[in-house]
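Enquirer: Take this structure, written in C-alpha coordinates, and hold onto it; I'll ask about it next.
The values are calculated or read from the model by the stated rules, or taken from the named source; none is laboratory data. All values reported here derive from a predicted model rather than from experimental measurement. Here the Cβ positions follow ideal geometry from the backbone for every residue, glycine too, while neighbour counts run over all protein chains shown. To get the accessible areas, we keep the full protein, side chains included, count just its heavy atoms, and leave off ligands, DNA and RNA. Shrake-Rupley method; radii C 1.70, N 1.55, O 1.52, S 1.80 Å.
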Amino acid sequence: MLGERTLVVGILNVTPDSFSDGGHLAGEEAAVARGLALFEEGADWVDVGGESTRPGATRVVPEEEVRRTAPVVEGLRRRGAGPLSIDTTRADVARAALDAGADVVNDVSGLAFDPAMAALVAGRGVPVVLMHLRGGFESMHRTPAYGDVMGEIVAELEAALGRAAAAGIARERTIVDPGIGFSKDAAHSLEALRRLGELVALDRPVLVGPSRKSFIGRVLGADVDDRLMGTAAAVAASVLLGAHLVRVHDVREMAQVVRVADAVRGDCLAGRAA
(Lines give C-alpha, C1' and ligand atoms only; values in the text may rest on other atoms or scores of the structure.)
Protein backbone atom coordinates (compact mmCIF):
# COMPACT_ATOMS: atom_id res chain seq x y z
CA MET A 1 0.00 0.00 0.00
CA LEU A 2 2.80 2.43 0.84
CA GLY A 3 4.83 3.60 -2.11
CA GLU A 4 6.47 6.71 -3.48
CA ARG A 5 3.55 9.10 -3.06
CA THR A 6 1.88 10.26 0.13
CA LEU A 7 -1.38 8.43 0.82
CA VAL A 8 -4.63 10.15 1.76
CA VAL A 9 -6.69 8.56 4.52
CA GLY A 10 -10.30 9.73 4.52
CA ILE A 11 -12.10 10.15 7.84
CA LEU A 12 -15.52 8.52 8.20
CA ASN A 13 -16.93 9.25 11.64
CA VAL A 14 -20.18 7.46 12.46
CA THR A 15 -20.66 9.25 15.77
CA PRO A 16 -23.18 11.81 17.01
CA ASP A 17 -20.54 13.92 18.79
CA SER A 18 -17.19 14.05 16.97
CA PHE A 19 -15.51 17.46 17.23
CA SER A 20 -15.86 18.28 13.54
CA ASP A 21 -18.42 16.13 11.75
CA GLY A 22 -20.35 14.31 14.43
CA GLY A 23 -23.98 13.59 13.63
CA HIS A 24 -23.68 14.39 9.92
CA LEU A 25 -24.21 10.78 8.87
CA ALA A 26 -27.57 9.49 10.06
CA GLY A 27 -27.77 5.78 9.39
CA GLU A 28 -25.74 3.00 7.87
CA GLU A 29 -26.65 3.70 4.24
CA ALA A 30 -25.64 7.35 4.51
CA ALA A 31 -22.33 6.36 6.08
CA VAL A 32 -21.63 3.76 3.40
CA ALA A 33 -22.46 6.28 0.67
CA ARG A 34 -20.13 8.81 2.25
CA GLY A 35 -17.34 6.25 2.52
CA LEU A 36 -17.67 5.36 -1.16
CA ALA A 37 -17.66 9.06 -2.01
CA LEU A 38 -14.40 9.52 -0.10
CA PHE A 39 -12.75 6.94 -2.36
CA GLU A 40 -14.15 8.70 -5.42
CA GLU A 41 -12.72 11.98 -4.12
CA GLY A 42 -9.23 10.49 -3.91
CA ALA A 43 -8.89 8.62 -0.62
CA ASP A 44 -6.42 5.74 -0.67
CA TRP A 45 -8.09 4.23 2.36
CA VAL A 46 -10.97 5.17 4.65
CA ASP A 47 -10.79 5.19 8.46
CA VAL A 48 -14.09 4.30 10.15
CA GLY A 49 -14.62 5.48 13.73
CA GLY A 50 -17.52 5.07 16.12
CA GLU A 51 -16.37 6.93 19.24
CA SER A 52 -15.50 10.60 19.61
CA THR A 53 -12.19 11.60 21.19
CA ARG A 54 -13.03 15.32 21.38
CA PRO A 55 -12.55 17.12 24.72
CA GLY A 56 -15.42 16.34 27.05
CA ALA A 57 -16.77 13.45 25.00
CA THR A 58 -18.53 10.67 26.90
CA ARG A 59 -17.26 7.16 26.21
CA VAL A 60 -19.72 4.77 24.63
CA VAL A 61 -20.03 1.13 25.59
CA PRO A 62 -18.21 -1.31 23.28
CA GLU A 63 -21.47 -2.82 22.04
CA GLU A 64 -22.63 0.58 20.79
CA GLU A 65 -19.29 1.22 19.11
CA VAL A 66 -19.60 -2.14 17.33
CA ARG A 67 -23.19 -1.34 16.35
CA ARG A 68 -22.07 1.93 14.78
CA THR A 69 -19.02 0.68 12.90
CA ALA A 70 -19.22 -2.99 11.91
CA PRO A 71 -22.26 -2.66 9.61
CA VAL A 72 -20.65 0.31 7.86
CA VAL A 73 -17.42 -1.61 7.29
CA GLU A 74 -19.41 -4.58 6.03
CA GLY A 75 -21.47 -2.37 3.74
CA LEU A 76 -18.40 -0.71 2.29
CA ARG A 77 -16.69 -4.04 1.74
CA ARG A 78 -19.83 -5.43 0.10
CA ARG A 79 -19.86 -2.45 -2.26
CA GLY A 80 -16.26 -3.02 -3.32
CA ALA A 81 -14.60 -0.25 -1.34
CA GLY A 82 -10.83 0.06 -1.12
CA PRO A 83 -8.75 -0.45 2.04
CA LEU A 84 -10.54 0.22 5.33
CA SER A 85 -9.28 0.82 8.85
CA ILE A 86 -11.14 0.74 12.15
CA ASP A 87 -10.39 3.64 14.49
CA THR A 88 -10.77 2.16 17.97
CA THR A 89 -8.90 1.42 21.17
CA ARG A 90 -10.99 -1.68 21.96
CA ALA A 91 -10.18 -5.22 20.88
CA ASP A 92 -13.84 -6.27 20.70
CA VAL A 93 -14.63 -3.41 18.33
CA ALA A 94 -11.55 -4.09 16.22
CA ARG A 95 -12.41 -7.79 16.04
CA ALA A 96 -15.92 -7.08 14.80
CA ALA A 97 -14.63 -4.65 12.20
CA LEU A 98 -11.94 -7.06 10.99
CA ASP A 99 -14.57 -9.79 10.75
CA ALA A 100 -16.67 -7.36 8.69
CA GLY A 101 -13.81 -6.71 6.28
CA ALA A 102 -11.52 -4.03 7.74
CA ASP A 103 -7.85 -4.25 6.75
CA VAL A 104 -6.06 -2.09 9.34
CA VAL A 105 -6.44 -1.22 13.04
CA ASN A 106 -5.93 2.43 14.00
CA ASP A 107 -5.40 2.55 17.78
CA VAL A 108 -5.02 6.07 19.14
CA SER A 109 -3.79 4.63 22.44
CA GLY A 110 -0.82 2.90 20.82
CA LEU A 111 -1.97 -0.49 22.20
CA ALA A 112 -2.06 0.93 25.74
CA PHE A 113 -5.77 0.96 26.65
CA ASP A 114 -6.93 -2.60 25.97
CA PRO A 115 -4.56 -5.46 26.89
CA ALA A 116 -6.26 -7.70 24.32
CA MET A 117 -5.69 -5.41 21.34
CA ALA A 118 -2.05 -6.29 20.64
CA ALA A 119 -2.76 -10.02 20.69
CA LEU A 120 -5.69 -9.54 18.32
CA VAL A 121 -3.61 -7.55 15.83
CA ALA A 122 -0.79 -10.09 16.04
CA GLY A 123 -3.17 -12.99 15.55
CA ARG A 124 -4.86 -11.44 12.53
CA GLY A 125 -1.58 -10.30 10.98
CA VAL A 126 -2.99 -6.89 10.02
CA PRO A 127 -1.20 -3.52 10.00
CA VAL A 128 -1.69 -1.26 12.99
CA VAL A 129 -1.37 2.50 13.43
CA LEU A 130 0.22 3.39 16.78
CA MET A 131 -0.58 6.95 17.83
CA HIS A 132 1.09 8.97 20.57
CA LEU A 133 -1.24 9.79 23.44
CA ARG A 134 -0.87 10.58 27.13
CA GLY A 135 -3.61 9.90 29.65
CA GLY A 136 -7.11 8.60 29.03
CA PHE A 137 -9.88 10.19 27.00
CA GLU A 138 -11.03 12.11 30.06
CA SER A 139 -7.62 13.55 31.01
CA MET A 140 -5.55 13.87 27.83
CA HIS A 141 -6.64 17.44 27.06
CA ARG A 142 -5.94 18.82 30.54
CA THR A 143 -2.85 21.03 30.74
CA PRO A 144 -0.42 18.81 28.79
CA ALA A 145 3.24 19.39 29.67
CA TYR A 146 6.48 18.43 27.91
CA GLY A 147 10.15 19.15 28.38
CA ASP A 148 11.09 18.11 24.85
CA VAL A 149 7.97 17.55 22.77
CA MET A 150 9.32 15.51 19.88
CA GLY A 151 11.97 13.77 21.93
CA GLU A 152 9.26 12.49 24.26
CA ILE A 153 6.93 11.56 21.40
CA VAL A 154 9.69 9.51 19.77
CA ALA A 155 10.53 7.76 23.04
CA GLU A 156 6.90 6.96 23.81
CA LEU A 157 6.19 5.73 20.28
CA GLU A 158 9.25 3.49 20.60
CA ALA A 159 7.63 2.09 23.73
CA ALA A 160 4.43 1.46 21.74
CA LEU A 161 6.49 -0.35 19.11
CA GLY A 162 7.95 -2.39 21.96
CA ARG A 163 4.44 -3.36 23.09
CA ALA A 164 3.67 -4.43 19.54
CA ALA A 165 6.84 -6.49 19.23
CA ALA A 166 6.25 -8.18 22.58
CA ALA A 167 2.84 -9.33 21.34
CA GLY A 168 4.31 -10.73 18.13
CA ILE A 169 3.33 -7.92 15.75
CA ALA A 170 5.92 -7.66 12.99
CA ARG A 171 7.57 -4.23 12.97
CA GLU A 172 6.97 -3.90 9.23
CA ARG A 173 3.23 -3.99 9.96
CA THR A 174 3.36 -0.87 12.14
CA ILE A 175 2.74 2.78 11.29
CA VAL A 176 3.38 5.60 13.76
CA ASP A 177 1.37 8.78 14.36
CA PRO A 178 2.65 11.69 16.50
CA GLY A 179 -0.89 12.40 17.71
CA ILE A 180 -1.33 16.01 16.64
CA GLY A 181 -3.93 17.58 18.93
CA PHE A 182 -4.02 14.65 21.34
CA SER A 183 -2.64 15.45 24.82
CA LYS A 184 -0.96 18.47 23.20
CA ASP A 185 -1.81 22.14 23.18
CA ALA A 186 -1.44 24.30 20.07
CA ALA A 187 2.23 25.06 20.70
CA HIS A 188 3.03 21.37 21.23
CA SER A 189 1.20 20.38 18.04
CA LEU A 190 2.98 23.03 15.99
CA GLU A 191 6.36 21.97 17.35
CA ALA A 192 5.59 18.31 16.66
CA LEU A 193 4.80 19.18 13.04
CA ARG A 194 7.90 21.37 12.75
CA ARG A 195 10.07 18.50 14.00
CA LEU A 196 8.26 15.73 12.16
CA GLY A 197 11.47 14.61 10.48
CA GLU A 198 12.79 13.37 13.82
CA LEU A 199 10.38 10.44 13.61
CA VAL A 200 12.74 8.97 11.01
CA ALA A 201 14.60 7.55 14.00
CA LEU A 202 11.80 4.99 14.36
CA ASP A 203 12.24 3.75 10.77
CA ARG A 204 8.48 3.36 10.31
CA PRO A 205 5.94 5.03 8.02
CA VAL A 206 4.45 8.16 9.57
CA LEU A 207 0.76 9.10 9.53
CA VAL A 208 -0.21 12.66 10.45
CA GLY A 209 -3.75 13.83 11.23
CA PRO A 210 -3.90 17.64 11.34
CA SER A 211 -7.36 18.00 9.80
CA ARG A 212 -9.47 20.80 11.31
CA LYS A 213 -7.59 20.48 14.63
CA SER A 214 -7.74 23.11 17.35
CA PHE A 215 -4.16 24.30 16.78
CA ILE A 216 -5.32 25.58 13.38
CA GLY A 217 -8.18 27.37 15.06
CA ARG A 218 -5.77 28.90 17.55
CA VAL A 219 -3.47 30.20 14.81
CA LEU A 220 -6.27 31.56 12.60
CA GLY A 221 -8.91 32.39 15.18
CA ALA A 222 -11.20 30.15 13.13
CA ASP A 223 -14.10 27.91 14.13
CA VAL A 224 -13.92 24.23 13.23
CA ASP A 225 -16.00 24.70 10.07
CA ASP A 226 -13.65 27.40 8.79
CA ARG A 227 -10.33 25.56 8.89
CA LEU A 228 -10.05 24.23 5.33
CA MET A 229 -7.19 26.45 4.26
CA GLY A 230 -5.40 26.04 7.57
CA THR A 231 -5.71 22.29 7.17
CA ALA A 232 -4.31 22.57 3.65
CA ALA A 233 -1.25 24.39 5.00
CA ALA A 234 -0.74 21.78 7.73
CA VAL A 235 -1.15 18.91 5.25
CA ALA A 236 1.36 20.46 2.85
CA ALA A 237 3.82 20.97 5.69
CA SER A 238 3.33 17.38 6.83
CA VAL A 239 4.10 16.03 3.36
CA LEU A 240 7.13 18.26 2.89
CA LEU A 241 8.46 17.25 6.30
CA GLY A 242 8.19 13.53 5.60
CA ALA A 243 4.69 12.18 6.27
CA HIS A 244 3.82 9.00 4.38
CA LEU A 245 0.08 9.31 5.05
CA VAL A 246 -2.25 12.17 5.99
CA ARG A 247 -5.65 11.62 7.63
CA VAL A 248 -8.21 14.22 6.54
CA HIS A 249 -11.90 15.09 6.38
CA ASP A 250 -11.85 17.11 3.14
CA VAL A 251 -10.47 14.47 0.82
CA ARG A 252 -11.04 16.08 -2.57
CA GLU A 253 -9.23 19.27 -1.62
CA MET A 254 -6.47 17.62 0.40
CA ALA A 255 -5.72 15.07 -2.32
CA GLN A 256 -4.81 18.00 -4.55
CA VAL A 257 -2.70 19.56 -1.82
CA VAL A 258 -0.86 16.26 -1.35
CA ARG A 259 -0.24 15.81 -5.05
CA VAL A 260 1.36 19.25 -5.38
CA ALA A 261 3.34 18.87 -2.13
CA ASP A 262 4.65 15.52 -3.37
CA ALA A 263 5.72 17.17 -6.62
CA VAL A 264 7.49 19.97 -4.74
CA ARG A 265 9.24 17.37 -2.62
CA GLY A 266 10.31 15.71 -5.85
CA ASP A 267 9.28 12.15 -5.01
CA CYS A 268 6.49 11.67 -7.50
CA LEU A 269 7.49 13.34 -10.76
CA ALA A 270 8.54 10.20 -12.62
CA GLY A 271 5.95 9.17 -15.16
CA ARG A 272 3.75 12.25 -14.71
CA ALA A 273 3.11 15.01 -17.17
CA ALA A 274 4.57 18.39 -16.25
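Enquirer: Treating only the Cβ of Lys, Arg, Asp and Glu as charged (+1, +1, -1, -1), what charge dipole size does the chain show about its Cα centre? Round to the nearest 20 debye.
Expert: 300
Enquirer: So, counting K/R as plus one and D/E as minus one, what does the shell of residues with Cβ under 15 Å around LEU98 add up to? List each step's numbers first, then the result.
Expert: Working: positive: ARG77, ARG90, ARG95, ARG124, ARG173; negative: ASP47, GLU65, GLU74, ASP87, ASP92, ASP99, ASP103, ASP107, ASP114.
Net charge around LEU98: -4.
Enquirer: For the charge dipole of the chain, defined by +1 on Lys and Arg C-beta atoms and -1 on Asp and Glu C-beta atoms about the Cα centroid, which residue among LEU161, GLY123, ALA237 has the Cα displaced farthest towards the positive pole?
Expert: About the Cα centre, the residue reaching furthest to the positive side is ALA237.
Enquirer: Now for a different question. Which residue fluctuates most in the GNM of the chain (Cα springs below 10 Å): LEU38, LEU161, LEU220?
Expert: Among LEU38, LEU161, LEU220, the largest mean-square fluctuation in the Gaussian network model of the chain belongs to LEU220.
Enquirer: Which of the peptides 226-236, 246-256 is most tightly packed, and how do the rest follow, judged by the mean count of other Cβ atoms within 10 Å per residue?
Expert: Going from most to least packed, we get 246-256, 226-236.
Enquirer: Heavy atoms only, probe 1.4 Å: what % of the accessible area of segment 136-259 goes to carbon and sulfur, would you let me know?
Expert: So the carbon and sulfur contribution to the accessible surface is 52 percent.
Enquirer: For segment 124-225, report the convex hull volume of the alpha-carbon atoms normalised per residue, in Å³, without decimals. Present the calculation step by step, with values, prior to reporting the outcome.
Expert: Numbers: hull volume 11.9 nm³, N = 102.
It comes to 117 Å³ per residue, whole-number rounded.
Enquirer: Shape verdict for segment 25-176, please, from the Cα gyration tensor: rounded (a/c under 1.5), prolate (a/b greater than b/c) or oblate.
Expert: prolate
Enquirer: As an exercise, take the mean of 1/r over every pair of distinct alpha carbons in the chain, invert it, and state the Kirkwood radius in angstroms.
Expert: Across the chain, the inverse of the average 1/r is 18.6 Å.
Enquirer: Label segment 52-130 by shape, choosing from rounded, prolate and oblate, from the square roots a ≥ b ≥ c of the eigenvalues of the Cα gyration tensor; if a/c is under 1.5 it is rounded, and otherwise prolate applies when a/b is larger than b/c, oblate when it is not.
Expert: Since a/c reaches 1.5 but b/c is at least a/b, the shape of segment 52-130 is classed as oblate.
Enquirer: Work out how much length VAL219 to GLN256 would gain on full extension: take 0.36 nm times their residue separation and subtract the Cα-Cα distance, in nm to one decimal.
Expert: Separation in residues times 0.36 nm, less the Cα-Cα distance, equals 11.0 nm.
Enquirer: Another question, then. Hey, rough spin-label estimate for THR58 and ALA170, points 7 angstrom out along Cα→Cβ, what's it come to in nanometres?
Expert: The modelled label-to-label distance comes out at 4.4 nm.
Enquirer: Applying the Karplus parametrisation 6.51 cos²θ - 1.76 cosθ + 1.60 with θ = phi - 60° to the phi angles of segment 178-185, what ³J(HN,Hα) value in whole Hz is obtained for each residue in order, glycine and proline being reported as x?
Expert: For segment 178-185, the Karplus curve yields x, x, 4, x, 9, 6, 8, 7 Hz.
Enquirer: A follow-up question, please. Tally Lys/Arg at +1 and Asp/Glu at -1 over every other residue whose Cβ is under 12 Å from the Cβ of GLN256; what's the total?
Expert: Summing Lys/Arg as +1 and Asp/Glu as -1 gives -2.
Enquirer: Going by the alpha-carbon gyration tensor, a ≥ b ≥ c the square roots of its eigenvalues, is segment 191-274 rounded (a/c under 1.5) or, if a/c is not under 1.5, prolate (a/b greater than b/c) versus oblate?
Expert: It is oblate, given that a/c is not under 1.5 and a/b is not larger than b/c.
Enquirer: For the chain, what is the accessible area per residue in Å², given a 1.4 Å probe and the full set of protein chains?
Expert: So the chain comes to 42 Å² accessible per residue, rounded to a whole number.
Enquirer: I've got another one for you. For the chain, give the share of DSSP beta bridges that are antiparallel, in percent and rounded to the nearest 5; count only bridges with both residues there.
Expert: 0
Enquirer: Grab the Cα-Cα distance for VAL200 and ALA37, subtract it from 0.36 nm times how many residues apart they are, and report the gain in nm with one decimal.
Expert: Here the segment from VAL200 to ALA37 would lengthen by 55.4 nm.
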